[in-house]
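Contents: one structure, followed by commentary.
The values are calculated or read from the model by the stated rules, or taken from the named source; none is laboratory data. It should be emphasised that the depicted structure is a prediction, and the values quoted were computed from it without experimental measurement. Here Cβ is always computed from backbone atoms with ideal geometry, including for glycine, and neighbour counts include all displayed protein chains.
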Amino acid sequence: MIPAAFEYYRPKDLEGALSVLEEHGDDARVLAGGHSLIPMMKLRMAEVPHLIDLQDVDGLSGISIEGNTIRIGAMTTQHDIINDVQLASAAPIMREASLQIADPQVRYMGTVGGNVANGDPGNDMPGLMQCLDATFTLVGPEGEREVAARDFYEAAYMTDREDDEILTAVSFEAPSGGYAYEKQKRKIGDYATAAAAVLLTKEGGTCTAASIAMTNLSDTPVHSDAAGAALVGTSLDDAAVKAAVDAMLGDIDPTQDNRGPIEFKRHAAAVILRRAIENAWARA
Amino acid sequence: MSNKKHITLTVNGEEQEFLAEPRELLIHTLRERLRKTGPHIGCETSHCGACTVTMNGKSVKSCTVFVAQADGAEITTIEGLGNPDSLHVLQEAFKEHHGLQCGFCTPGMITRASKLLEENPNPTEEEVRFGMAGNLCRCTGYQNIVKSILAAAAEMNSAKEAAQ
């Protein structure tokens, strides 16, 4: 399986990458770790006449934690995230989720930027970013702008990013309280049948804040405000958890595919969310 | 469209220079151009791990890397780990503990395991299983592969202790 021929660029800075994008519009794509794009090119489902490899672009990778704010450069790999001790302590949900992405070889290459920018509903980081209420930084010919993860996804592979923009970083406030990333998959390396990212705050036995996002259960990640709201003000008794799960089921819209029929996916989503809520509460 | 690029790779310590189309996949470069036929083509879809090599200190599936991305890289294949006259500790352990049957996945298994033990010289059985999850074997049921890697780790650690 060999993709169609392309022109290859390896710019040293963002300006160089942007100028190729500007010149070739949607005939050009940026390449991060390549583990989504290269398989699509090999299958000839993606045609990329101009491929811009970001590996040498300065300043796109690395994790910085200043005060409460965490910023992760787009070219930071899942392997980097898993092995960053400070990040694991400031936002352990990042490590927990990254360990469930693909397999070791893919995690050495796979990047946070590629995972969030590609717009594949199966990717884990978009839902996680929505759970964390993260902000994405995009750079284009007009300069830099920021977009909330919760506003970024429009449909499968359709995002708020313009063709001439590059996603350069994600940032979010370090979460406090309990966390969990739970994922049901058919085998190692598979996308989720259903996955849930949950952050909960507990004060004196009562849940005072909750954020819940689901992965691969619609054509975009689903941040379920209603599911979070069903938990706030409760002690997470059975009725509250059931109300949250029911609210989530009202927000997702799975389709039938080789991971199962719709009813099975709804069942898996309910099991996974319940498990994530219980784990997060135990850690809160 | 002929847009060949000048590529330089260091493979198992030897510098290699050639012209190649950027779309050439690293596994084809290694096998067909440089005759390093240890890394195998299994699934060709980044699932099976038979094509695993070490590139700039990372275990990668060379079916999912363009040769242009690898330009300037240092690459180690199974041929760089040991040879029939002088087996690598992992090769010796796979032989001793029956860590293979047909042998198709073995170069990828051992190349990946060498990186795993470099990063974690004293892994638990669970860590070996998790760290080897990107490599599929259709013969062994994995039990003897895990046993081989744990035995190699013990062997390397006792050799290190003896040297101190």
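Here's the yes/no breakdown for (1) away from chain B (no Cβ under 14 Å); (2) surrounded by fewer than 17 Cβ atoms within 10 Å (Cβ to Cβ); (3) not in a loop (DSSP other than H, G, I, E, B):
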site	(1), (2), (3)
A:ILE52	no, no, yes
A:LEU60	yes, no, no
A:ASP80	no, no, yes
A:SER89	yes, yes, yes
A:ALA102	no, no, no
A:TYR108	no, no, yes
A:PRO126	yes, no, yes
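Are any residues in the range B:138-164 at negative phi and assigned to a loop (DSSP other than H, G, I, E, B), and if so, which ones?
As a first pass, look at the range B:138-164 and keep what is at negative phi: B:138-140, B:143-164.
Answer for the range B:138-164, where residues must be at negative phi and assigned to a loop (DSSP other than H, G, I, E, B): B:ARG138, B:CYS139, B:THR140, B:GLN164.
Let me confirm something: among B:SER62, B:SER46, which residue is over 11 Å from B:GLY108 (Cβ atoms) and out of contact with any Phe, Trp or Tyr (no Cβ under 9 Å at 6 or more places or on another chain)? Before the answer, list the steps.
Details: B:SER62 fails: over 11 Å from B:GLY108 (Cβ atoms).
Matching residue, one of B:SER62, B:SER46: B:SER46.
Of the conditions (1) crowded, with 16+ Cβ neighbours inside 10 Å; (2) in contact (Cβ under 8 Å) with a residue 60 or more places away in the chain, A:PRO39 clears all except one; give me its number.
Just one mismatch for A:PRO39, condition (2).
Being of a type in the set (A, V, I, L, M, F, W, C) and away from chain B (no Cβ under 11 Å) is the filter here; which residues of the range A:91-100 pass it?
A:ALA91, A:ILE93, A:MET94, A:ALA97
Residue by residue through the range B:55-76, note down the ones that are within 10 Å of another protein chain (Cβ to nearest Cβ) and either modelled with pLDDT under 95 or within 12 Å of the chain's Cα centre (by Cα) (or both).
Of everything in the range B:55-76, those that are within 10 Å of another protein chain (Cβ to nearest Cβ) and either modelled with pLDDT under 95 or within 12 Å of the chain's Cα centre (by Cα) (or both) turn out to be B:MET55, B:GLY57, B:LYS58, B:SER59, B:VAL60, B:LYS61, B:SER62.
Is it fair to say B:LEU9 is surrounded by 23 or more Cβ atoms within 10 Å (Cβ to Cβ) and either of a type in the set (Phe, Trp, Tyr) or part of a helix (DSSP H, G or I) (or both)?
So B:LEU9 does not fit the description; no.
Counting only residues that are of a type in the set (Gly, Ala, Ser) and over 25 Å from A:MET109 (Cβ atoms), which one in the range B:77-99 is farthest from the other protein chains (Cβ to nearest Cβ)?
Restricting to residues being of a type in the set (Gly, Ala, Ser) and over 25 Å from A:MET109 (Cβ atoms), the top hit is B:SER86.
Is it true that A:TYR153 is of a type in the set (Phe, Trp, Tyr), in contact (Cβ under 8 Å) with a residue 40 or more places away in the chain and over 24 Å from A:ASP58 (Cα atoms)?
Judged against the criteria, A:TYR153 is a match.
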